[in-house]
Amino acid sequence: MALSPPDDRPVVVLGVCGGIAAYKAVEVCRLLSDAGCYVAPILTESATQFITPLTFSALASEPAQTSLYGERHPSPHTRLGRMADLVVVAPATANLLARLVSGQSDDLLTATLSATTATVLVAPAMHTEMWEQSSVQANVAILRERGVVVIDPESGRLAGGDVGAGRLADPASIAQVVLSHLGPTGAVARDLVGVKITISAGGTREAIDPVRYLSNRSSGKQGYALAEAAIARGADVTLVTAARLQLSPIARAATTVINVDSAQQMGDAISAAAEQADVVIMAAAVADFRPVGSSATKLTKDLGIPTLLLEETTDILASLVQRRRTGQVIVGFAAETHDIASRAAAKLARKGCDLLVVNDVSQPEVGFDHETNAVTIMGKDGEVDQVPLSAKSTVAHAVLDRVARLLSQRSQERNHHV
Ligand code: CTP
């Protein structure tokens, strides 16, 4: 159980190691405090060679600590480890990574890392030769395997004027990754570790000729929010997208992104990915119709006004349901403008998916291109959840809550039959 911090803010323990990038951790501390986190900094002894605890104390929620001994609390590492919703180490030196792998606990930071069950993030920073060293890469791989989130360093200017990979990720990106792991209401459950999820996003484009296409108003934001949320919960994500949005640095590093344009391309990519997937979420607005035989050359005005003949595209969701792997969870989306409840219930039955996420896009601030969404999540099992107007990340987590429940029910059923 987490010890209560003085209020109900999510608690971030910020570990700072000794390296030239230690000064950038001050900005991480400030950004997290400004974002509403309770920040408790720990500096290693070497970190204090680069920056003073007082600098952090001025910006954090409690004084920075540097030692296992002489603090006001008799056992500072267990206090910090228990109250943490998340521990982020930025910068993390090669030495810290090695000590974390081997479970050492001879200073306050490593002892706190040993004493916590919270999500751990590390943002390594070091010279290129050190970063590329096989021992360091092996340690990074072990940490990733154990569920530690590694925020990869960037390429750029390093200490002493060198240039290469190993520079600490941008403080704003680090803060963003921390916040995405905390989620909208505090700590995010790591309940999808190792689960393979394929997510589709965006509105497909159906070519009329080389310069024109038919599409729809979907922005892809809900699909990307699902990918971010699934990564934060530990899933392996394949994002098949007709939109070209930016994922956060951590999600970008952890997600397989397949860019597509047309419904046909999306169908091909989804079918291939679905063969390995435990979960498929069709958040994309797939075109229902496409022009019959798009023109290989531009339709110019001198040819006269063209008549567009349309044909139906393949229903990807329906074909996924037909070829469903045992235990696979399939989620559909439905954008409706009228007769919502009855159309949604009919669609759920017709498509045969496990969950249907229904949004009434006639409402203001709902669905297409908005930052917010309001949905009803309907289950084949009859369970219905209403998610009121919220950020798309909140909707994403609500959908994943239901997915996680279905996966655990199915694994219990499987164990029961064994
Ligand atoms: N979908 C799909 N392939 C298509 C069309 C839609 O996989 N060719 C998926 C969407 O990704 C979504 C779900 O089906 O998850 C519902 O899409 P929607 O457009 O609301 O439903 P339609 O089947 O097009 O039904 P209707 O036109 O009656 O609304």
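The values are calculated or read from the model by the stated rules, or taken from the named source; none is laboratory data. Since the structure is predicted, the reported quantities are computational estimates derived from the model, not experimental observations. Virtual Cβ from ideal backbone geometry, glycine too; neighbours counted across all protein chains shown. Surface areas here come from the heavy atoms of the whole protein model, side chains and all, with no ligands, DNA or RNA. Shrake-Rupley method; radii C 1.70, N 1.55, O 1.52, S 1.80 Å.
Just a few scattered comments:
- Size of region 373-418 as Cα extents on the principal axes (Å, biggest first): 42, 20, 8
- Among M282, F50, A40 the positive-end extreme of the charge dipole of the chain (Cβ point charges): M282
- Projection of the Cα convex hull of region 45-100, averaged over all directions and equal to a quarter of that hull's surface, yields 4.6 nm².
- Value of [θ]222 nm, deg cm²/dmol, for the chain, DSSP H segments ≥ 4, -39500 (n - 2.57) each, nearest 500: -11000 deg cm²/dmol
- Each Lys or Arg adds one and each Asp or Glu subtracts one; over the other residues with Cβ under 14 Å from the Cβ of V149, this totals 0.
- Over region 190-417, the reciprocal of the mean inverse Cα-Cα separation, the Kirkwood hydrodynamic radius, stands at 18.2 Å.
- Value of D in µm² per second that Stokes-Einstein yields for the chain, Kirkwood Rh from Cα pairs, at 25 °C (0.890 mPa s): 105 µm²/s
- Two-decimal ratio, region 1-119, of alpha-carbon radius of gyration to 2.2 N^0.38 Å: 0.95
- For A189, neighbours were defined as the other residues whose beta-carbon sits under 14 Å from its Cβ, and their charges (Lys and Arg +1, Asp and Glu -1) total +1.
- Pair-distance profile P(r), taking every C-alpha pair of region 247-382, with 10 angstrom steps and integer %: 10, 31, 34, 18, 6, 0
- Signed unit charges on C-beta, dipole axis of the chain, positive-most listed residue T93, A123, A345: A345
- Note on exposure: R79, R343 ranked by accessible area (1.4 Å probe, complete protein assembly) read R343, R79, with the most exposed listed first.
- Most tightly packed first, judged by the mean number of other beta-carbon atoms within 10 Å of their residues, the peptides 205-217, 293-305, 260-272 read 260-272, 205-217, 293-305.
- Under a model in which nothing but the beta-carbon of Lys, Arg (+1) and Asp, Glu (-1) is charged, the chain shows a dipole of about 420 debye around its Cα centre.
- Neighbours of G352 by Cβ distance under 15 Å: Lys/Arg scored +1, Asp/Glu scored -1, total +4.
- Taking 13 Å as the cut-off, the amide N atoms of region 343-382 that come nearer than this to a point 7 Å along the Cα-to-beta-carbon line of S390 belong to 372-377.
- Computed about its Cα centre, the charge dipole of region 352-418 is approximately 340 debye, with only Lys, Arg, Asp and Glu carrying charge at their Cβ.
- Overall dimensions of region 198-255 as given by Cα atoms, namely Rg and Dmax in Å: 13.0, 42
- Solvent-accessible surface (1.4 Å probe) assigned to E371 amounts to roughly 130 Å².
- Normalised by 2.2 N^0.38 Å, where N counts its residues, the alpha-carbon radius of gyration of region 131-264 equals 1.26.
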